[in-house]
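Just below is one structure, and these are the notes that go with it.
Each value in this text was obtained by applying a stated rule to the coordinates, not by laboratory testing. Remember, predicted model here, so these are calculated numbers, not experimental data. Using ideal geometry, Cβ is built from the backbone for each residue, glycine included, and neighbour counts are taken over all protein chains shown.
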Amino acid sequence: MTFALIRKARQSPLSYEIKKQMHKIVAAIFLAENIKKIEIEAPRIAKKRKAGQFIMLRVNQTGERVPLTIADADPEKGTITIIVQGMGKSTKELNTKEAGDTISDIVGPLGAPSDIENFGTAVSIGGGVGTAIAYPTAVALKKAGNYVITINGARSKDLVILEKEMKAVSDEAYITTDDGSYGFHGFVTQKLQELIDSGKKIDYVLAIGPIPMMRAIAEVTRPYNIKTMVSLNPIMVDGTGMCGGCRVTVNNETKFACVDGPEFDAHQVDFKNLTDRNKLYLPEEKQSAEAFAHKCKLQ
Amino acid sequence: MMTFLPQFFAGMAFFRIITPSFLENNIMCPQHITTKERLAIPRQEMPSQSPDVRNKNFKEVNLGYTPELARKEALRCLQCKDPACIKGCPVNIKIDQFIKFIADGDFLGAARKIKEDNVLPAICGRVCPQEDQCEKACILTKKYTSVAIGNLERFAADHERETGNVELPAVKASTGKKVAVIGSGPAGLSCANDLIQLGHAVTVFEALHELGGVLVYGIPEFRLPKEIVKQEIEGLKQLGVKFITNVLAGRSVTVDELLNEEDFDAVFIGVGAGLPWFMGIPGENLLGVYSANEFLTRVNLMKSYQFPNNDTPVFNCKGKNVAVFGGGNTAMDAVRTAKRLGAEHAYIVYRRSEAEMPARLEEVHHAREEGIEFLMLMNPLEFVGNEQQWLTGAKCLKMELGEPDESGRRRPIPIKDSEFILPIDMAVISIGNGSNPLIKQSTPDIEVSKRDTIVVDLNTMATSKENVYAGGDIVTGGATVILAMGAGRTAAKAIHEKLMGIDTHE
């Protein structure tokens, strides 16, 4: 065979598609503007997941791997529920999905489960879409026999999510809004401080939300030495401990949020480092989001 | 003229001048070539993309032998009676025999011969450190350069695949036994291959969304095209191996659940190393400091070099200074990737001298051709950054070589007051991997070493847990593709004997 023939053969490699098991969306509804609740088929994960664990999801073949905490699961039906706020390109794209659509890849459950025991009185605090993550842990804390107080914060009334669900698992449930349009007028930190000041003995606090909120909660509970956990959201790639991209500084040690976390002792977390590291791809995130918005407009 | 009278001239070889036309003619009848003539053929260079072109693209660097080059190179093999090269190969490929097939022009025969011992020849022909294995043992190295065994292996495998002649091996009748293989890297794939051929039902679980393990997330496209990995895996699928992606052992499912709830008769653990080491120096969490695993995973697996067409971004290296800390193959992969992404300066920073670098010579050579700058005898002390916490430089200390240490390599000793700051925008730390803790945490009855690698009986790769075997980097720590492959095959044999009740102790 001549040289030319071989070259020709090389230019046309065998083509085939590797068939993949796709994950079907069984239900998808908006809970608030830009916040969607999506129930997806993922039987293996539904059976195994525990409160505090997350999945990594890739919407399609060119998508990035996005970490999302599992809000709920139905092992009988073989489905998991995630609650997604459209922030960047991938989450916005995910939020365009409807029942019947499919998701390319989901792996999980990832991360260490929440440390659940009967602490006594446990306060579960969710800020914004963080409420979706606080919810399963609140359920688990209740099941473990705790007196459960939930504080559910949002910017305004129409952004409050999971109010009914939170109430159902709480011994006391509070809503706070930044603009005072619903519930307590102010931040979740103020509500927590109010509870502490009222003389309530609090044994455990779990806070999940934007980094400034978690950082502020840590400062509220620090003087009282209340055990406080936060669920961290660093940038991740594989979520299996293989890349170290999600490293966070806890008690002056480097930890991988994907395998050692995502929950850590709030009083030991270096929030500044986490805030800085999450800015790593701001220009790229902006570029992607703008391109996606443009594409949506065209459609 | 010589073509007509080969026998006559063969006897007069001593006087003959080797000319290109002589070779062309004798390629057609290799049996008439004398040892002297074989020795006179120079080692055939691997055709490759020119350095200035390839350091800007992600296409494969080496282009592969043409049939003519392959046969010429194959003629260099002396066909030793007791070939040392075979002993130098971790899986004992019948090297002399497959090279003879190539010399005779039977390329498919060569591929078949290799596949008797190596199930991933297109991959191993590319990434094996042949210069430390088979080629190091080649008798020719005593006076000449060794036969390019790796290049020939690659040629045979590529020829078989590219001409559409890949043959599926026969699969024995079903034994009714089920084996789970965790990890679809080289260890898992080779184990799955042997087990399916022996008639067992095999399911491979992969944590990532793509199959191939380190072959897809670690080794770059320019060194190992992913299409080749895909096609090797496709072959296994056709044999009946079941692959399930997105299952992380230890989290999605445990070894005990596989054995007890999913009714697997045996489990092979080939999860790789998978926990990047950092240096533990200040500033390691600054923006722009990556582990080699993260940098390579973003580029190779997530295809961030095609951002924004692929969603995953990576540090924008264009016009920037990038330093990779380490001297292994992964470090070479990372630094050459950074160069391809447009880095102005791409450095290898290594604390010993070039002679001690563990990377393959070919990789070092390729890297240098592509414009990689080697900063030897330099040890980073600290990463420094700006107010926004972006990396701006690495404070390094110059070293000199002292006496050999326990690894046999000369120990680097700091030179006093030699500190300086190397201005860099991105750093990649490539100093090796530890073991992923998930298997250990979820299966406490598997014995692990102090370094958290799984302890096995090296004859069978059996762990301390009944019916559980392990191989590859999770056992050895970071090593090579071919060693992992060999371990997978050893385990497959042992699993087969165990499941079928074959007693090997007699």
Sorted peptide list for A:129-140, B:346-357, criterion being average Cβ within 10 angstrom, highest first: A:129-140, B:346-357
Under the span-like rule (Cα at least 15 Å along the axis, Kyte-Doolittle mean at least 0.0), DSSP H helices of chain A: A:131-143, A:211-221
Principal semi-axes in Å for region A:34-124 [√(5λ), Cα gyration tensor, largest first]: 24, 15, 12
Amide H contacts of B:ARG410 (H built 1.01 Å from N, under 5 Å, at least 5 apart or other chain): B:ASP405
Peptide-level mean, for B:243-249, of C-beta atoms on other protein chains within 10 Å: 6
Point-charge dipole on Cβ atoms (K/R +1, D/E -1) for the protein assembly as shown, about Cα centre, debye to 20: 1420 debye
Label point at B:ILE502 placed 7 Å out along Cα→Cβ; residues across region B:462-478 whose backbone nitrogen lies under 17 Å: B:462
Among B:ILE102, B:PRO129, B:THR175 - extreme Cα towards positive end, dipole of region B:97-198, charges at beta-carbon: B:THR175
Rg over Rh, two decimals, region B:72-211 (C-alpha only, Kirkwood Rh): 1.03
Per-residue ³J(HN,Hα) for region A:150-167, Karplus 6.51 cos²θ - 1.76 cosθ + 1.60, θ = phi - 60°, Hz, x for Gly and Pro: 10, 10, 10, x, 8, 5, 8, 3, 6, 9, 6, 10, 6, 4, 5, 4, 4, 4
Label-point separation, B:SER464 to B:GLU400 (7 Å along Cα→Cβ), nm: 4.7 nm
Test item: Cα-centred dipole of region B:301-427, Lys/Arg +1 and Asp/Glu -1 on Cβ, debye: 140 debye
Taking the convex hull of Cα positions in region A:216-266, its mean projected area over all directions (nm²): 3.6 nm²
Alpha-carbon Rg with Dmax, taken over the protein assembly as shown, Å: 29.4, 110
Proxy reagent accessibility, fewest Cβ within 10 Å first, across B:THR337, B:THR443: B:THR443, B:THR337
Hydrodynamic radius (Kirkwood) for region B:430-506, which is based on Cα pairs only, to one decimal in Å: 13.1 Å
Percent antiparallel among DSSP beta bridges (both partners in the protein assembly as shown, rounded to 5): 50 percent
Alpha-carbon centroid distance for the pair region A:64-107 / region B:79-111, whole angstrom: 52 Å
FRET efficiency estimate (nearest 0.05) - Cβ-Cβ, B:ASN316 to B:GLU419, R0 30 angstrom: 0.55
Diffusion coefficient, µm² s⁻¹, Stokes-Einstein with Kirkwood Rh over alpha-carbon pairs of region B:223-315 at 20 °C and 1.002 mPa s: 127 µm²/s
Binned Cα-Cα distance frequencies in region A:103-254 - 10 Å width, integer %: 11, 39, 34, 15, 1, 0
Relative contact order (%) - chain B, alpha-carbon pairs under 8 angstrom, separation at least six: 14 percent
Cα-based radius of gyration of chain A once divided by 2.2 N^0.38 Å, which approximates compact folds: 1.11
Per-q log10 I(q)/I(0), region B:138-216, q = 0.13, 0.16, 0.25 Å⁻¹ (Debye; single scatterer per alpha-carbon; no solvent): -0.63, -0.83, -1.10
Antiparallel DSSP beta bridges within chain A, percent to nearest 5: 60 percent
Computed FRET value (nearest 0.05) for B:GLN238 with B:ARG451, which takes r as the C-beta separation and R₀ as 45 Å: 0.75
Contour minus Cα-Cα distance for B:ARG368 and B:GLN79 (0.36 nm per residue): 100.6 nm
MRE, 222 nm, helices only [DSSP H, n ≥ 4, -39500 (n - 2.57), over the protein assembly as shown, to nearest 500]: -9000 deg cm²/dmol
For region B:309-325, 3J(HN,Hα) per residue [Karplus equation, 6.51 cos²θ - 1.76 cosθ + 1.60, θ = phi - 60°, Hz, x = Gly/Pro]: 5, 9, 6, 7, x, 9, 3, 6, 7, 3, x, 9, 9, 10, 10, 10, 9
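Looking at region A:214-299, I'd like the Rg to Rh ratio, where Rg is from alpha-carbon atoms and Rh is Kirkwood's inverse mean 1/r.
Working: Rg = 16.3 Å, Rh = 14.6 Å.
Computed over Cα atoms, the ratio is 1.12.
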Sequence-distant residues sharing a close amide H with B:VAL384 (under 5 Å, placed H): B:THR392, B:GLY393, B:ALA394, B:LYS395
Inter-centroid distance (Cα atoms) of region B:395-456 relative to region B:187-249, Å: 29 Å
Of the DSSP H helices in chain B, those whose Cα atoms cover at least 24 Å axially and whose Kyte score averages 0.0 or more: B:481-499
Gyration tensor over alpha-carbon atoms, chain B, equivalent ellipsoid semi-axes in Å: 38, 34, 21
Exercise: per-residue mean of other protein chain Cβ atoms within 10 Å, B:302-313: 6
Volume per residue that the Cα convex hull of region B:280-426 spans, once the total is divided by residue count, Å³: 117 Å³
Derived scalar couplings ³J(HN,Hα) [region A:26-36; Karplus, 6.51 cos²θ - 1.76 cosθ + 1.60; whole Hz; x for Gly, Pro]: 9, 7, 8, 9, 6, 8, 7, 4, 6, 10, 10
Average partner coverage of B:61-71, which counts Cβ from other chains inside 10 Å: 2
Simple label model, 7 Å out from Cα along Cβ direction - B:TRP390 to A:ASP101, nm: 3.4 nm
